[in-house]
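Structure first, commentary second.
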Amino acid sequence: MLREKIGRACLGGLLALSIMILAGPVFAAEGAPALSGAGLSLLWALPFAGILLSIALCPLLVPDLWHHHHGKIAAGWAVLFLVPCAAMLGVKIAFYELLHVLLLDFVPFIILLTALFTVAGGVRLRGGFVGTPGSNVALLAFGALMAGFMGTTGAAMLLVQPLLRANERRKHKTHVFVFFIFLVANIGGALTPLGDPPLFLGFLKGVSFFWFTEHLLAPMVVTGGILLAVFYAIDWWAYRKEAPEVRVLGDHERDNLTIQGLRNIALLMGIVAAVLLSGLRDLGTFVTIYHVPISGQQLARDAALIAIIVASLKLTRHGIRDENHFNWGPMLEVGKLFIGIFITIIPAIAILRAGSGGALADLVAFANPNGVPDIARYFWLTGILSSFLDNAPTFLVFFNLAGGDPIALMGPMAATLTAISAGAVFMGANTYIGNAPNFMVKAVVEHRGVKMPSFFGYMVWSTVLLVPTFVLVTFIFFR
C-alpha cells in the first residue's frame, strides 16, 4: 500500500512538473549545441545496445537483481553515454541533448501513456467475453480496428484487461497476448494518422489524413488476416489442451456484455481529440529553455491530458479499478526503462539522421540503388530500424531520404511512401521495444501473473510468425 502511494506521488509530481516543461518541435532550434551524427562512430551506440541486452538477458540470468534494480541499471547505461559525451564533445552538447530528449520526447511520452493507462484502467467490460478461439479472434480483430482510430496505445490499454479476464481460467494463453501485441499494439495502427506516431508525423508534413487509409488498408488487411488465421489455428490447438472444466462457462461469462466506467470512454475520446488538435493548430513558441523551444499547442495538449488523468481518477468509481487489478507498477517499470532508452538512443538517432554523411551511409545508399528508390528496401530498412529505434524519427529519416515532398510522395512516389509507412508501423511488432505499447502490454500482463516470453523469446515468435508474413506482403505490395 505504501509503495502504491509512493508511486502515485511520484507520478503526480512528474505530471505537475510537466505542466511547465512540455514538448515542442521535433528538431533542434537554430543555434542549439546539438549533437551532429556526421562525425560519430557506431561505438557511441554501445550504451543503447547495452540497455537492450540488459532488458533481454537480465530477467533470465539475474531475475531478482533485475526485478529490484532495473531502474538503476537503465540509469547506469544512460550515464555511460552522458559522461563521455560531456567529456569528449562538451558539457553544453550533453546538457542540451539531455534536456531536449526529456522535454521533447520522454515527458510527452510518459504523460500520454499515463493518460491512456489511467483512463483505460477505469473502464470495465463485463460478460460477453469468453476465452474461446472464436471470441479471442473477434476481440483481436476489433482491437486492431480500434487502434487505427484511438491509437495503438489507447486500444491496447483499453482491451488488454477484457482479454485477460476472458482467458483468466486458461492455462495455455501466452500466445494470445503475443498476437495481441502484433495486431492491436502495432499493425492495427496503420489505418489513420491517429493510429501510430510515424503516420501522425507524415500528416504534419503534409500527407492528407485519408491518404494513409487508402494506401495502407489493403496491406493492413492482408497482414492482419494472415495473422488472425494463424492465431485461430494455434489457439484452437491450445484450447483443446485445456481441462474440460475450463471450457465450461462461468456465471460471469454467461452475462450479457455491459460496460462500466462510461465516463472514461468520453475521456478516452478527449485524449484522441487533444492529440489530433495539437497537430492542427500552431500556437507558436511558448517559451525556450536552453535552445529547446516549447510550443503553445504542445503545452495545451499535455495540460489537457493531465486534466483528463485527474478527472479519471476523481470520477471513476473506485471499485472498477480494483476489479481491473489496477496499480501503478507497470507505469513505473515502463518509465524507468524508457528514460534510459530515450537517453541512450540519442547518438543512434543522430547517426541515422546524418544520412549519407554518417556512419550508416552505406545503408542509406542501399535504399536507393543507382539513385532510384527501391520500395522493397525502403519497407525492410524502415521496418528493421523501427524494430529497435524510435519508429517516428526513423519514418522521418526515410521520408526525407525519399525527397520529403508530400505532393510527390502522395503521387508518383506513392508506392515508396506506402512502403515507408507500412515498415514503420508493422515492424514495430518485431521486438518489445519496437513500439511503446508493446512493453506496456507485457508489463500489464505479467503483473496479472501471466508469463510472457523473454526479450529474445518474443523475437523467436516474431521471427517465426511475422517475418514470413512480411516477406509475403513484400511480394504482394512492394515489388
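The values are calculated or read from the model by the stated rules, or taken from the named source; none is laboratory data. Remember, predicted model here, so these are calculated numbers, not experimental data. Positions of Cβ are generated from backbone atoms using ideal geometry, with glycine treated the same way; all protein chains shown enter the neighbour counts. SASA here: full protein model, heavy atoms, side chains in, ligands and nucleic acids out. Shrake-Rupley method; radii C 1.70, N 1.55, O 1.52, S 1.80 Å.
List of remarks:
- Criterion: over 23 Å from Val119 (Cα atoms), under 26 Å from the mean Cα position of the chain (by Cα) and open to solvent by 30 Å² or more (accessible area, probe 1.4 Å) - qualifying residue of Leu313, Leu360, Leu332: Leu360
- Qualifying residue in segment 426-441 (condition: at pLDDT 85 or above, assigned to a loop (DSSP other than H, G, I, E, B) and not small (Gly, Ala, Ser)): yes
- Pair list, Cβ < 6 Å and 6+ apart or interchain, from segment 30-52 residues that are at positive phi to residues that are open to solvent by 40 Å² or more (accessible area, probe 1.4 Å): none
- The one condition from (1) under 30 Å from Met269 (Cα atoms); (2) hydroxyl-bearing (Ser, Thr, Tyr); (3) under 21 Å from the mean Cα position of the chain (by Cα) that Ser135 does not meet is (3).
- Meets criteria (over 20 Å from the mean Cα position of the chain (by Cα), part of a helix (DSSP H, G or I), among the aliphatic types (A, V, I, L, M) and more than 21 Å from Pro412 (Cβ to Cβ)) for Ile234: yes
- Just one of the listed residues (Leu194, Leu145) is out of contact with any Lys or Arg (no Cβ under 6 Å at 6 or more places or on another chain), open to solvent by 10 Å² or more (accessible area, probe 1.4 Å), within 22 Å of Asn264 (Cα to Cα) and in a loop (DSSP other than H, G, I, E, B), and it is Leu194.
- Test: residue in segment 278-294 that is modelled with pLDDT of 85 or more, open to solvent by less than 50 Å² (accessible area, probe 1.4 Å) and either in a helix (DSSP H, G or I) or basic (Lys, Arg) (or both): no
- Test: Leu228 is touching a Leu at 6+ places or on another chain (Cβ under 7 Å), more than 28 Å from Ser454 (Cα to Cα) and aliphatic (A, V, I, L, M): no
- Qualifying residue in segment 69-81 (condition: in contact with a helix residue (DSSP H, G or I) (Cβ under 9 Å, 6 or more places away or on another chain) and at pLDDT below 85): no
- Positions within segment 118-175 being modelled with pLDDT of 85 or more and on the phi > 0 side of the Ramachandran plot, in sequence order: none
- Taking segment 167-190 as the range and being over 19 Å from Gly131 (Cβ atoms) and either open to solvent by 10 Å² or more (accessible area, probe 1.4 Å) or assigned to a helix (DSSP H, G or I) (or both) as the test, the residues that pass are Ile187, Gly188, Gly189, Ala190.
- Scanning segment 348-387 for residues that are within 30 Å of Ile110 (Cβ to Cβ) and in contact with a Pro (Cβ under 8 Å, 6 or more places away or on another chain) turns up Ile349, Leu352, Arg353, Ser386.
- Filtered residues of segment 236-275 (kept if over 30 Å from Phe200 (Cα atoms), at pLDDT 85 or above and open to solvent by less than 50 Å² (accessible area, probe 1.4 Å)): Ala238, Tyr239
- Within segment 338-348, one or more residues are at pLDDT 80 or above, open to solvent by 20 Å² or more (accessible area, probe 1.4 Å) and in a helix (DSSP H, G or I).
- Filtering segment 442-456 to residues that are farther than 14 Å from Val176 by Cα, in a helix (DSSP H, G or I) and open to solvent by 20 Å² or more (accessible area, probe 1.4 Å) leaves His447, Phe456.
- Residue check, Val123 within 19 Å of the chain's Cα centre (by Cα) and either of a type in the set (Ser, Thr, Tyr) or surrounded by 22 or more Cβ atoms within 10 Å (Cβ to Cβ) (or both): no
- Some residue of segment 412-425 being open to solvent by 10 Å² or more (accessible area, probe 1.4 Å) and either more than 16 Å from His215 (Cα to Cα) or in a loop (DSSP other than H, G, I, E, B) (or both): yes
- Residues (more than 19 Å from Ile339 (Cβ to Cβ) and part of a helix (DSSP H, G or I)) located in segment 36-64: Gly37, Ala38, Gly39, Leu42, Leu43, Leu57, Leu60, Leu61, Pro63, Asp64
- Tabulated pairs, segment 168-193, first farther than 17 Å from Val272 by Cα, second modelled with pLDDT of 95 or more and outside any helix (DSSP H, G or I), C-beta under 6 angstrom, 6+ apart or interchain: none
- Residues within segment 70-85 that are surrounded by 15 or more Cβ atoms within 10 Å (Cβ to Cβ) and under 19 Å from Gly329 (Cβ atoms), tallied: 5
- Of all residues in segment 386-407, those satisfying the criterion of being part of a loop (DSSP other than H, G, I, E, B), more than 16 Å from the chain's Cα centre (by Cα) and either buried (at least 19 other Cβ atoms within 10 Å of the Cβ) or without any contact (Cβ under 8 Å) to a residue 40 or more places away in the chain (or both) are Ala402, Gly403, Asp405.
- Total residues in segment 197-231 satisfying the condition of being open to solvent by 30 Å² or more (accessible area, probe 1.4 Å) and either among the basic types (Lys, Arg) or not in a helix (DSSP H, G or I) (or both): the figure is 5.
- Filter result for the condition that a residue is of a type in the set (Gly, Ala, Ser) and open to solvent by 40 Å² or more (accessible area, probe 1.4 Å), over Gly383, Gly371: Gly371
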